[in-house]
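Q: Got a structure here, written out as structure tokens. Questions coming.
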Amino acid sequence: MRTSGAVIWLSQWLLLFVTVIELVGGVSRPTDIKPGQLGLRYFGQIDKNTEEVYAFNYTSSPGKVDALRVFVRSDSDDLEFPVLFVVRQQKAVLSWQVPLAFRGYYQMTYTYQDVSRTLCPHDPEGQAPPSEQLMYIDIASMAPSRVQYELIVTRLLNFELLTGVSMNFSASPSQPQYFLYTFPEGVDSVVIKVRSPNTYPCTVVSVQDIACPVYDQDHNVEFNGIYQSMTKKAAITIRRKDFPKGQFYVVFVIKPEDYACGGSIPAATVGNHTWNLKRVKHIEVTITPSINGSVYLHATLLCLLFFFIFYLGAFLVFFIHHFRVQSKGHDLAASPDEGEGTVAASHPITTSTPEGSSYGAIDESRQRRGKSVPPIPRPRAYSDSSADEESDFDGIPEMDSDKNVIHTKTFLYVSDLAVKDRRTISKKYKIYFWNIITIAVFYALPVVQLVITYQTVVNVTGNQDICYYNFLCAHPLGLLSSFNNILSNMGHVMLGFLFLLIVLRRDLLHLSLLEAKDVYALEYGIPKHFGLFYTMGIALTMEGVLSACYHVCPNYSNFQFDTSFMYMIAGLCMLKLYQTRHPDINASAYAAYASFALVIFLAVLGVVFGKDHWWFWVFFSIIHVVGTLALSTHIYYMGRFKIDVSNADFGIFRRIFQIIYTDCMQQCSRPMYMDRMILLIVANIVNWFFAIFGLVFRPRDFASYLLGIFICNLLLYLAFYIIMKLRSAERIRPLPLFCIIATAGVWAAALYFFFQNLSSWEETPAQSREKNRECIIMHFFDDHDIWHFLSATAMFFSFLVLLTLDDDLDEVRRDKIPVF
């Protein structure tokens, strides 16, 4: 039994051997490819009854790594019976077919009859290569009739990329390219810069470890290493620690379609097949050393030094102010009887006050000269009721009829709108501060978790299309891919903290005057409430934190991290500007934050639906215009415009018509509140322009469009405030004047750098990289980093303008300070 089994086994192997001998046309003696020899070319025919096998011996050139490249062509266009090519090396097997087919979107198939591949070098690590290396190329096909083919084997003389030396080459979907790079001694980080004169075809640039096989096909290039899609530009920073062997491959794969780079399907198609498209990409690649650790240190110190200058300037101003106060106190102590005067009592302003009767003028006889006799205080109605803090717009605690009388006076003064108990109002504005801290904590924690997840995904998968950096100036540190964009946000945090210190000092000085029952703290100047200022300082700090989080991995999904607190800062500044001379009727914290939440909700809807849906722009424009009109009405009537909608009858329309007829038609030639009317008309024109612009052009960057609306309204209100202040014969002291000039200059410079777009998450990653540019400061900071520096500085100066603008009124009675 054992003998018969052995006979059967031997007969099967003999039959298999005979079959192979019949099928194989024969293995030729290995052909030597000698060092310096460019290559060999073969022509042949193949069908289902034959198979061709070519053997080659090759030896690497001394002192360098050589690679072989195999080019094949076939006249067959039959996808059912392609010609198969198999390359067998010592440690790798590579195979493909001709025609080579690629799958695309919408079941499209793209076929190529010219294919070339670079064979994986046997010894890319620089070790002593063996004297000879053997390679086989098998060619077979199941075609029923003979198919002609061409085979060319060439040696790549420029397989290694050199530091600082550009290499130019071409690639196509069926003919990818890759090259070897070795870190020079003393270089720990390099930047791979890739450029092409043409936008398309779309390309993938990949950096892979030295291992076989090399993933250089459209369907597998994303399996390994770090990669980016590319049109005209690409840049990848590589650190030596990520490649312990000190070497890596740079792979270039041309995609069969341009969808990934924002293109479209090729027009010339035959059915669902597209043959031999001329998708050739001309590429230039240059590898240069990146910055070293000393540049990181110097850039960090420069950033800290720049913002510490503001601390030094603030402490210098504190010292000068303290010195002047002490000197003034000594002068008063030395001559206590000089310049004594009597401060006149306050006289109520009635509705019959003529327009020309010192509207906003400063009575010099009531200026502070030495000691003064406290004025006769007006009776105040104090209330600590929590009900005052629950309404959206707090009013004066008298009966509604009294409020209507006061609010509808032709000329209002701060004394008319500063009647409520100071402690009640202070509590109201402190709610802003505590609420924004709560919002910041609950907002920032998931943001930090999310961006850490994004960064981890980028580091693990190597997909650098997830984040929209300026890759030509993206300096990694640790797990962070672009440390410089995060570091430049330090200014928001440092200046926000400095502003908090400035406000705290002013608050403590004011409290000390109140405890001393100083008449100038009680009855003179703008009422001091610092809750909104503290809130603005926290908002500026959180803007830096969330902007840094956004720049960990900037993309379409997390844009709101960078803009949410910008909306809040603009809104808070407008609220503070309004609260300055309307302390009793400003919006409550709950209404304000609810409005901010609505704005952020609209911003998210705009990014999601604003690009391709006209109905969103109609919806947003209606909300924008109606909201502007409602707010204008509330401001014009000082919160006293109310329509009773409890009666569900048509009488409401009659009452609305009567209000419009009385206040608009009858007084069209001369509105009751001229200054407010002018401001609101201009504001409505500006906002209607924004609404029409949005409907017509539908800007793609809805977040910036919405932020522009807020900024324009804030600047318009601030300009109106300053004009009215000067018109009322009030003066601007040197410190706020300096801050105004600095704010205007720094904002102009900041906006210049803001509009230097270095990336755009509204486009594809490859299109975004076309905007990438080199660093401009210390080879570390780019234009957007300068925007961070300048915008933080501009917002700090803007806050100082609001904080110091009315310092000239500290010695003016409140019943002489006009409301506008």
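Q: For the structure I just gave you, tell me whether Gly164 is surrounded by fewer than 18 Cβ atoms within 10 Å (Cβ to Cβ), under 34 Å from the mean Cα position of the chain (by Cα), at pLDDT below 95 and farther than 27 Å from Leu100 by Cα.
A: Working: surrounded by fewer than 18 Cβ atoms within 10 Å (Cβ to Cβ): yes; under 34 Å from the mean Cα position of the chain (by Cα): yes; at pLDDT below 95: yes; farther than 27 Å from Leu100 by Cα: yes.
Answer is yes for this residue.
Q: Consider Phe738 against the criteria (1) in contact (Cβ under 8 Å) with a residue 24 or more places away in the chain; (2) in a helix (DSSP H, G or I): it satisfies all of them except one. Which criterion is unmet?
A: Going through (1) in contact (Cβ under 8 Å) with a residue 24 or more places away in the chain; (2) in a helix (DSSP H, G or I) one by one, Phe738 breaks only (1).
Q: Then there is this: With the requirement that a residue be more than 13 Å from Cys202 (Cβ to Cβ) and touching a residue at least 12 places away in the same chain (Cβ under 8 Å), what does the range 220-232 give you?
A: Our first condition is that a residue be more than 13 Å from Cys202 (Cβ to Cβ); within the range 220-232, this holds for 220, 222-226.
Answer for the range 220-232, where residues must be more than 13 Å from Cys202 (Cβ to Cβ) and touching a residue at least 12 places away in the same chain (Cβ under 8 Å): Glu222, Asn224, Gly225, Ile226.
Q: Here's a check for you: in the range 787-801, which residue that is in contact (Cβ under 8 Å) with a residue 40 or more places away in the chain and under 17 Å from the mean Cα position of the chain (by Cα) is surrounded by the fewest Cβ atoms within 10 Å (Cβ to Cβ)?
A: First, the residues of the range 787-801 that are in contact (Cβ under 8 Å) with a residue 40 or more places away in the chain: 788-801.
Next, from what is left, pick out any that are under 17 Å from the mean Cα position of the chain (by Cα): 788-792.
Numbers: His788: 27, Phe789: 23, Leu790: 21, Ser791: 24, Ala792: 27.
That would be Leu790.
Q: Going by the conditions given, is Ile287 among the hydrophobic types (A, V, I, L, M, F, W, C), at pLDDT 90 or above and in a strand (DSSP E or B)? Quick ask: steps written out before the conclusion?
A: Details: among the hydrophobic types (A, V, I, L, M, F, W, C): yes; at pLDDT 90 or above: yes; in a strand (DSSP E or B): yes.
So Ile287 passes the test.
Q: Out of the residues in the range 197-207 that are over 26 Å from the mean Cα position of the chain (by Cα) and buried (at least 22 other Cβ atoms within 10 Å of the Cβ), state the one that is modelled with the highest pLDDT.
A: Applying the filter and picking the extreme gives Val207.
Q: Next question, about the same structure. Regarding Ser189, is this residue surrounded by 15 or more Cβ atoms within 10 Å (Cβ to Cβ), within 42 Å of the chain's Cα centre (by Cα) and over 21 Å from Val253 (Cα atoms)? Walk me through it before giving the result.
A: Values: surrounded by 15 or more Cβ atoms within 10 Å (Cβ to Cβ): yes; within 42 Å of the chain's Cα centre (by Cα): yes; over 21 Å from Val253 (Cα atoms): yes.
Criteria met by Ser189.
Q: Checking Val270 against (1) β-branched (Val, Ile, Thr); (2) at pLDDT below 95; (3) surrounded by 18 or more Cβ atoms within 10 Å (Cβ to Cβ), which single condition isn't satisfied?
A: (3)
Q: Look at Leu532 and say whether it is assigned to a helix (DSSP H, G or I), open to solvent by 30 Å² or more (accessible area, probe 1.4 Å) and over 19 Å from Asp562 (Cα atoms). Can you show your working first?
A: Details: assigned to a helix (DSSP H, G or I): yes; open to solvent by 30 Å² or more (accessible area, probe 1.4 Å): no; over 19 Å from Asp562 (Cα atoms): yes.
Taking the combined requirement at face value, the residue does not satisfy it.
Q: What single numbered condition from (1) surrounded by 14 or more Cβ atoms within 10 Å (Cβ to Cβ); (2) in a loop (DSSP other than H, G, I, E, B) fails to hold for Lys278?
A: The single condition Lys278 does not satisfy is (1).
Q: Please indicate, with yes or no, whether at least one residue in the range 505-513 is within 25 Å of Ile226 (Cβ to Cβ) and assigned to a helix (DSSP H, G or I). Give the steps one after another, and end with the answer.
A: Step one: filter the range 505-513 for residues within 25 Å of Ile226 (Cβ to Cβ), giving none.
Among the residues of the range 505-513, not one is within 25 Å of Ile226 (Cβ to Cβ) and assigned to a helix (DSSP H, G or I), which makes the answer no.
Q: Tally time: how many residues in the range 89-123 are open to solvent by 60 Å² or more (accessible area, probe 1.4 Å), out of contact with any Leu (no Cβ under 8 Å at 6 or more places or on another chain) and closer than 25 Å to Thr50 by Cα?
A: Matching residues across the range 89-123 total 1.
Q: Among (1) open to solvent by less than 10 Å² (accessible area, probe 1.4 Å); (2) hydrophobic (A, V, I, L, M, F, W, C); (3) under 30 Å from Asp188 (Cα atoms), there is one condition Leu546 misses while meeting the rest; what is its number?
A: (3)
Q: So which of Phe223, Phe252 is closer than 26 Å to Val65 by Cα and surrounded by 16 or more Cβ atoms within 10 Å (Cβ to Cβ)?
A: Numbers: Phe223 fails: surrounded by 16 or more Cβ atoms within 10 Å (Cβ to Cβ).
Testing whether each residue is closer than 26 Å to Val65 by Cα and surrounded by 16 or more Cβ atoms within 10 Å (Cβ to Cβ) leaves just Phe252.
Q: Is it the case, given these coordinates, that Gly531 is farther than 21 Å from Leu304 by Cα, small (Gly, Ala, Ser) and touching a residue at least 12 places away in the same chain (Cβ under 8 Å)? It would help to see each step written out before you state the result.
A: On the way: farther than 21 Å from Leu304 by Cα: yes; small (Gly, Ala, Ser): yes; touching a residue at least 12 places away in the same chain (Cβ under 8 Å): yes.
Considered against the rule, which asks whether it is farther than 21 Å from Leu304 by Cα, small (Gly, Ala, Ser) and touching a residue at least 12 places away in the same chain (Cβ under 8 Å), Gly531 comes out as yes.
To keep it simple, each residue is scored yes or no on (1) in a loop (DSSP other than H, G, I, E, B); (2) buried (at least 18 other Cβ atoms within 10 Å of the Cβ); (3) touching a residue at least 12 places away in the same chain (Cβ under 8 Å).
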{"residue": "Trp434", "(1), (2), (3)": "no, no, no"}
{"residue": "Thr438", "(1), (2), (3)": "no, no, no"}
{"residue": "Phe442", "(1), (2), (3)": "no, no, no"}
{"residue": "Ile486", "(1), (2), (3)": "no, yes, yes"}
{"residue": "His492", "(1), (2), (3)": "no, yes, yes"}
{"residue": "Phe497", "(1), (2), (3)": "no, no, yes"}
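The values are calculated or read from the model by the stated rules, or taken from the named source; none is laboratory data. The shown structure was predicted, so the numbers you read here are calculated from the model rather than taken from an experiment. Cβ sites come from the backbone with ideal geometry, for glycine too, and all protein chains shown count toward neighbours. All accessible areas refer to the heavy atoms of the entire protein, side chains included, with ligands and DNA or RNA removed. Shrake-Rupley method; radii C 1.70, N 1.55, O 1.52, S 1.80 Å.
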